[in-house]
């Protein structure tokens, strides 16, 4: 069984189609392994070799990867939720209730989206603290630290804009209070509040604006910055790992 | 200008250097950057205009509050649609905003405690809007209140007035 599977795989690798996609051939030497990574859009920014030390759990607790995984979960569940959600008052609240009680598996997707959002804020903060206390912001990582701080802010904005979308009392008052904090800004505060809400009160315009920010603008910004963030980890020499002193202390 | 300093360097004859020292390339670059800058500022301006709605479907800011006889003396009446208290005291009527000056929550009149209380962060006000305690930075504003020709109360929420201006009855 196993041999026939292996030979079938081998036959597949001999086909013209396979060879046109994976041009570097079988990854059986260091050179062809490197080529396989370089030649793949999804892998090319990864290092072709990593230090074993930087793969240890204690090196990063995989917090960045966990944040990214949660972002992907949110991206997928968010798109699925959009199939049943109208960003209009009062339909938005009914759609949210429908997702909970009427739509098959809707409550599962909604809760997955909610929980992943809570966890992502937690994971991103933990990631930030971990990088900070390890000195991960020091040269040559300064730029990537700043990108990370912006990503933390984008995460919080995503969380906040998503908070209004259920259109319940919690959402309404949270956004009333939050946008009143904006208007405390000197000179331009109330103008910015007017622009954010598209009016003077938290109404239909505000719901639509928060929706567009939540499902289009902020995810695009997040994807772009995540791309830069990952790429720079590699360009700045990989993960920050503690180097042992000569006497063996970390 | 500084051509004489470079006389030792054999240079390609450059027609534009003869005049004011701006090369054709610099001139075109500056013109292009200037045009792009103006276009950029223009796009910011029209985008700002686009995002500022001209027509809003929000509750009217001026409203009739009914006949004065609806409100007994020494009473505070909350109008939920307008988010305003109509207060009637022996000296007359005043309209007090029900929106907390801290972060915009809707306050509630607590008749037993004789105070207006905010549920969000615990600010408390007297019936005339002056602050008793809490994080609210300002007293609740008074809105212009008058009588229409047919004798109904008229409140204008866009016009704030001094608390001393009471509608006498």
Is it true that residue B:126 is without any contact (Cβ under 8 Å) to a residue 24 or more places away in the chain and more than 26 Å from residue A:174 (Cβ to Cβ)? yes
What number of residues within region A:182-201 are more than 9 Å from every other protein chain (Cβ to nearest Cβ), within 19 Å of residue B:50 (Cα to Cα) and either part of a loop (DSSP other than H, G, I, E, B) or without any contact (Cβ under 8 Å) to a residue 12 or more places away in the chain (or both)? 4
Among the residues that make up region B:99-120, is at least one of them within 22 Å of residue B:65 (Cβ to Cβ), in contact with a strand residue (DSSP E or B) (Cβ under 9 Å, 6 or more places away or on another chain), surrounded by 22 or more Cβ atoms within 10 Å (Cβ to Cβ) and within 12 Å of another protein chain (Cβ to nearest Cβ)? yes
In region A:148-181, what count of residues is obtained for those that are away from chain B (no Cβ under 14 Å) and touching a residue at least 24 places away in the same chain (Cβ under 8 Å)? 17
Test: residue A:137 is more than 14 Å from chain B (Cβ to nearest Cβ), surrounded by 15 or more Cβ atoms within 10 Å (Cβ to Cβ) and assigned to a helix (DSSP H, G or I): no
Looking for something within 14 Å of another protein chain (Cβ to nearest Cβ), under 24 Å from residue B:148 (Cβ atoms) and at pLDDT below 95 - is there at least one such residue anywhere in region B:85-95? no
Please verify whether residue A:145 is farther than 24 Å from residue A:216 by Cβ, without any contact (Cβ under 8 Å) to a residue 40 or more places away in the chain, within 14 Å of another protein chain (Cβ to nearest Cβ) and out of contact with any strand residue (DSSP E or B) (no Cβ under 8 Å at 6 or more places or on another chain), treating the condition exactly as stated. no
Checking the structure you have, find out if any residue of region B:110-119 is within 23 Å of the chain's Cα centre (by Cα) and within 25 Å of residue A:193 (Cβ to Cβ). yes
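Each row is one residue, and each column tells you yes or no for (1) closer than 18 Å to residue B:70 by Cα; (2) in contact (Cβ under 8 Å) with a residue 40 or more places away in the chain; (3) in a loop (DSSP other than H, G, I, E, B); (4) in contact with a helix residue (DSSP H, G or I) (Cβ under 9 Å, 6 or more places away or on another chain).
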{"position": "B:132", "(1), (2), (3), (4)": "no, no, no, no"}
{"position": "B:137", "(1), (2), (3), (4)": "no, no, yes, no"}
{"position": "B:140", "(1), (2), (3), (4)": "no, yes, yes, no"}
{"position": "B:145", "(1), (2), (3), (4)": "yes, yes, no, no"}
{"position": "B:150", "(1), (2), (3), (4)": "yes, no, yes, no"}
{"position": "B:155", "(1), (2), (3), (4)": "yes, yes, no, no"}
{"position": "B:158", "(1), (2), (3), (4)": "no, yes, no, no"}
{"position": "B:169", "(1), (2), (3), (4)": "yes, yes, yes, yes"}
Kindly evaluate residue B:69 against the criterion of being surrounded by fewer than 19 Cβ atoms within 10 Å (Cβ to Cβ), closer than 30 Å to residue A:209 by Cβ and assigned by TED's automatic domain parsing to the domain that holds residue B:146. no
For region B:57-76 the number of residues that are within 24 Å of the chain's Cα centre (by Cα) and either within 14 Å of chain A (Cβ to nearest Cβ) or part of a loop (DSSP other than H, G, I, E, B) (or both) is 5
Hits in region B:1-37 - residues which are surrounded by fewer than 10 Cβ atoms within 10 Å (Cβ to Cβ) and either modelled with pLDDT of 95 or more or assigned to a helix (DSSP H, G or I) (or both): B:4, B:5, B:15, B:18, B:25
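The values are calculated or read from the model by the stated rules, or taken from the named source; none is laboratory data. Note that the structure is predicted; figures quoted are calculated from it, not measured. Note that each Cβ is placed from the backbone with ideal geometry, even for glycine, and that neighbours are counted across all protein chains shown.
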